[in-house]
Every structure is written in C-alpha cells, then in structure tokens.
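Visitor: Take this structure first; my questions come after.
What follows is calculated from the coordinates using simple rules that are stated; it is not laboratory data. What you see is a predicted model, and the numbers here were worked out from it, not measured in a lab. Positions of Cβ are backbone-derived with ideal geometry, glycine not excepted, and every protein chain shown enters the neighbour counts.
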Amino acid sequence: MEFVANLHPIVVHFPIAVFVLYSLSEITALILKKDWLGKITIALLGIGVVSSIFGALTGSQAYTIIKPVLNSKEAVVEATIIKHEQFATITLWYFLFLLILKTYLLIQKKQSQNWKIVFCILSLVGIYFVYETSLLGGKLVYEFGVGTQLFNK
C-alpha cells in the first residue's frame, strides 16, 4: 500500500485549500448577504470533509509505512507525527460537526443572521486547526525529512 501512502502529500493539500475557501465564503456570504453564497459554503464544507477523509487515510498509511524506520530516529519525530495526526483528526471531526450542524439548520430552515455570524467564527476556529495540522506536516517534511528518500536511510 505504499502507493496510497505516496498520495498523502498530493491529496492533503486539496482539503486545506477547500477549508480556507469555505471560511472565506462564510465571511463573504455574511458581508454580501447573498443566499446563493450560503449554498456554496455547504458545498465547500462537504467537499472539504470528504477530501480530508482521503487525506487522513493516506496519512495513516504513510505512518504505517515509515513506522519501522522511526526506531532509528529521534523520539521528537514520532511525537510530531502523533501530534500532526491528532490535529488532523480534530480538524476532520470539527469540520464534520460543522457540516452536520449546517445541514440540519438548512433542512430546518433556521439559518438566521446570528447563525451566519456563528459559522464565520467557527470557520475561523477551524482554520486554526488546519493551520496547526499543516504547520506540523511541514515540520515533518522540511525539518525531519519524513516522506523523503533520505528519511528511510
């Protein structure tokens, strides 16, 4: 399953971009007060959640592939991987919760201006989780060389 693990750096950037676009669309929808933008936000949120599932699956596979090599590395490398995985999991569950809540409110037709403000704030909190996950992923690659050919030597 090394093929799946090698997809992680490719797959993982898509949900990052989509979640940022989602947050920007929430803010834009609040400012411009356009209903069609609200529909775009839920679509972006759904796409972000689905694509982040693929990111998590490929990341889990990548961890499985490099786990045997970790014994020869400093403990901080595995600790960073675990923290990266934890933030990725929090991010996925957080945005899934937002998707469920937003879908519920849409079905119940309870999308008030107050809820739009709440979702703007919640989307920015979610971007913090995306940022932390990404920062740790970047540290793994650029500081420790995880995922590169040099790491396996």
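Visitor: What label, among (1) 0.92; (2) 1.07; (3) 1.02, belongs to Rg/Rh (Cα atoms, Kirkwood Rh) computed from the structure on display?
Guide: Answer label, from the structure shown: (2).
Visitor: If you don't mind, there's one more thing I want to ask. Any chance you could give the angle, 0 to 90 degrees and rounded to 10, that helix 13-32 forms with the longest Cα principal axis of the chain?
Guide: Approximately 20 degrees, to the nearest 10.
Visitor: For the stretch 54-63, in order, what is each residue's ³J(HN,Hα) by Karplus, 6.51 cos²θ - 1.76 cosθ + 1.60 with θ = phi - 60°, in whole Hz (x at glycine and Pro)?
Guide: The phi angles translate into 5, x, 5, 5, 5, x, 4, 5, 4, 5 Hz.
Visitor: Next question, about the same structure. So how far, in whole Å, is the C-alpha centre of the stretch 104-140 from the one of the stretch 1-37?
Guide: Here the two parts' Cα centres lie 11 Å apart.
Visitor: Also, quick follow-up: If you take the charge dipole of the stretch 1-85 about its Cα centre, with +1 on Lys and Arg Cβ and -1 on Asp and Glu Cβ, which of Val20, Val4, Pro68 is farthest toward its positive end?
Guide: Highest projection toward the positive end goes to Val20.
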